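Structure first, commentary second.
The values are calculated or read from the model by the stated rules, or taken from the named source; none is laboratory data. The structure presented is a predicted model; accordingly, all values stated were derived computationally and were not measured. FYI the Cβ positions are ideal-geometry reconstructions off the backbone, even for glycines, and counts take in every protein chain you see. Quick note on the areas: whole protein, heavy atoms, side chains included, nothing else; ligands and nucleic acids left out. Shrake-Rupley method; radii C 1.70, N 1.55, O 1.52, S 1.80 Å.
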Amino acid sequence: QVHLVESGGGLVQAGGSLRLSCTAPGFTSNSCGMNWYRQGSGKQLEWVSSMNPDGSTVYADPVKGRFTVSKDKAKDTVYLQMNSLKPGDTAIYSCQRTGGNWCRLNAWGPGTQVTVSS
């Protein structure tokens, strides 16, 4: 199955932490990159982070220093560790495969809701 599935969202207080998971079948064997995006209610889709096939990462300014991407290649799973959460982080978080043709086929997951209360 090539579908991506996110998990780990939920309700957390400001200052708390949450770890999201994205199971992305085949991303390791096909040398895909992985992105995280988020979309708050009534807002545009916002890029959060990127991980290249070599493991290098880059983060959007609003999350830099608070969010960290990692991966488990054996499980074809990417993680987004979110620390020092703020109410402005409230959004649906989605992962995306990037790279060659195979990587971009059915590349988006359905997302998982993160809500940060004040």
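Overview of results
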quantity: Identity of the residue in segment 5-43, open to solvent by 60 Å² or more (accessible area, probe 1.4 Å) and on the phi > 0 side of the Ramachandran plot, that ends up farthest from the chain's Cα centre (by Cα); calculated: GLY42
quantity: Residues (of a type outside the set (Phe, Trp, Tyr), part of a strand (DSSP E or B) and surrounded by 15 or more Cβ atoms within 10 Å (Cβ to Cβ)) located in segment 58-86; calculated: THR68, VAL69, LYS71, THR77, VAL78, LEU80, MET82
quantity: Contacts under 8 angstrom Cβ, first residue in segment 2-17 being part of a loop (DSSP other than H, G, I, E, B), partner basic (Lys, Arg), 6 or more apart; calculated: LEU4/ARG97; GLY8/ARG19; ALA14/LYS86
quantity: Number of the condition not met by PRO62 [criteria: (1) in contact (Cβ under 8 Å) with a residue 40 or more places away in the chain; (2) farther than 21 Å from VAL5 by Cα; (3) touching a Gly at 6+ places or on another chain (Cβ under 9 Å)]; calculated: (1)
quantity: Residues of segment 87-102 satisfying the condition of being part of a helix (DSSP H, G or I) and surrounded by 21 or more Cβ atoms within 10 Å (Cβ to Cβ); calculated: ASP89
